[in-house]
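Report on one structure; see the data block that follows.
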Amino acid sequence: MNDSKYNATIVGKIQVTPDLIILTVSTDEPRTEFAAGQYTTLGLYGYEPRSVNSEPEGVPSKPEKLIQRAYSIASARTETRRLEFYISQVKSGQLTPRLFQRNMGDRIYVGKRIVGVFRLADAPPDSDVVMIATGTGITPYVSFLRSHIMERPNSKMVVIQGATHQWDLGYFSELSFLNNTFPNFYYLPTLTDADATWPGHRLWIEEMLNSGVLEQETGVAIDPDKTHFFLCGNPNMIKSVSGCLIEHGYQKKTRKTPGTLYVEEF
């Protein structure tokens with residue numbers, strides 16, 4: 001089979017859960033330095049095998065077609081060759097079951113362009129920043145922190161990560177380490193279906209904001225003049241939390257309008 005468009009090699013694969021992986025690739029040619037929070041495409045041909053726990057495709061793939069999808073990059077912005085991705089398997093999808101079947105040393109396609117407007121660089125360096133995520137929406141924030149945490153000593157940076165179970169909290173160890181290392185960084189994970197061993201929050205994200213937990217634990221105010229909010233993940237979460245923030249005077253930033261509320265839907 002033709003694999004002439006493959007231009008990168010898988011150099012790391014961590015199986016977080018049966019349906020979550022951290023995939024690291026090394027591109028044959030370096031990319032240009034990118035802005036933390038941006039994304040590129042990954043691709044595999046339709047003839048590649050699917051994972052053993054996948055389901056039949058909703059739309060059958062053509063064997064000769066290069067299937068491509070966009071994924072946020074978790075790497076620091078200076079990593080122009082070794083790129084990391086946090087990927088959730090869509091069991092009936094075309095690409096992710098094939099990605100989950102790939103292993104170390106296998107070849108893959110990586111887009112030549114890195115693009116996107118969901119960037120921490122748009123928030124002033126002295127403003128406080130709250131990054132809210134569900135699912136693989138945590139990915140761009142990992143890039144934010146790996147790229148900029150040392151550069152923003154006067155900015156409080158908060159990650160609120162919502163999930164159902166603790167094993168769904170991707171990058172939990174890394175974010176906990178940063179929480180214990182940098183005095184201006186706060187990690188607030190919250191679970192909606194935690195077991196008895198979980199010592200942290202058991203609130204919906206909206207409850208955390210409305211009950212004052214954010215300000216009580218971090219000193220960060222829900223104030224568009226002081227704090228920029230980033231939302232990434234489940235569309236239902238984004239709709240609900242956006243509504244809450246708009247009631248506090250926030251305006252969504254777009255390509256044409258300024259604002260202190262940044263949204264990226266997966």
> Which residues, taken from the range 217-266, are among the aliphatic types (A, V, I, L, M) and closer than 25 Å to Asn179 by Cβ?
Replying inline: Val220, Ala221, Ile222, Leu231, Met237, Ile238, Val241, Leu245, Leu261, Val263
> Can we say Leu83 is outside the structural domain of Val142 (by TED's automatic domain parsing) and either farther than 23 Å from Leu120 by Cβ or among the basic types (Lys, Arg) (or both)?
Replying inline: no
> Just one of Trp198, Trp167 is farther than 25 Å from Lys253 by Cα and assigned to a loop (DSSP other than H, G, I, E, B); which is it?
Replying inline: Trp198
> Restricting attention to the range 232-259, which residues are under 16 Å from Gly37 (Cα atoms) and either free of Cβ contacts under 8 Å to residues at least 12 places away in the same chain or surrounded by 12 or more Cβ atoms within 10 Å (Cβ to Cβ) (or both)?
Replying inline: Cys232, Gly233, Lys253, Thr254
> From the list Ile22, Ile10, which one is in contact with a Leu (Cβ under 9 Å, 6 or more places away or on another chain) and either among the hydrophobic types (A, V, I, L, M, F, W, C) or at pLDDT 95 or above (or both)?
Replying inline: Ile10
> Looking at Leu231, Leu175, which is the one that is in a helix (DSSP H, G or I), within 29 Å of Asp19 (Cα to Cα) and in the same structural domain as Ser127 (by TED's automatic domain parsing)?
Replying inline: Leu175
>> Looking at the structure I just gave you, is Glu48 under 30 Å from Glu151 (Cβ atoms), surrounded by 18 or more Cβ atoms within 10 Å (Cβ to Cβ) and of a type in the set (Asp, Glu)?
In response: no
> Which residue, of Asp106, Asp128, Asp168, is farther than 19 Å from Ser88 by Cβ and outside the structural domain of Gly37 (by TED's automatic domain parsing)?
Replying inline: Asp128
> Looking at the range 244-258, which of its residues are at negative phi and either touching a helix residue (DSSP H, G or I) at 6+ places or on another chain (Cβ under 9 Å) or part of a loop (DSSP other than H, G, I, E, B) (or both)?
Replying inline: Cys244, Leu245, His248, Tyr250, Gln251, Lys252, Lys253, Thr254, Arg255, Lys256, Thr257, Pro258
>> Quick check on my filter: what residues within the range 70-85 are among the basic types (Lys, Arg) and more than 16 Å from the chain's Cα centre (by Cα)?
In response: Arg81, Arg82
> Are any residues in the range 112-159 closer than 16 Å to Asp225 by Cα and not hydrophobic (A, V, I, L, M, F, W, C), and if so, which ones?
Replying inline: Asp122, Pro124, Pro125, Asp126, Ser127, Asp128, Asn154, Ser155, Lys156
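The values are calculated or read from the model by the stated rules, or taken from the named source; none is laboratory data. Since the structure is predicted, the reported quantities are computational estimates derived from the model, not experimental observations. Here the Cβ is made from the backbone with ideal geometry for all residues, glycine too, and neighbour counts use every protein chain on show.
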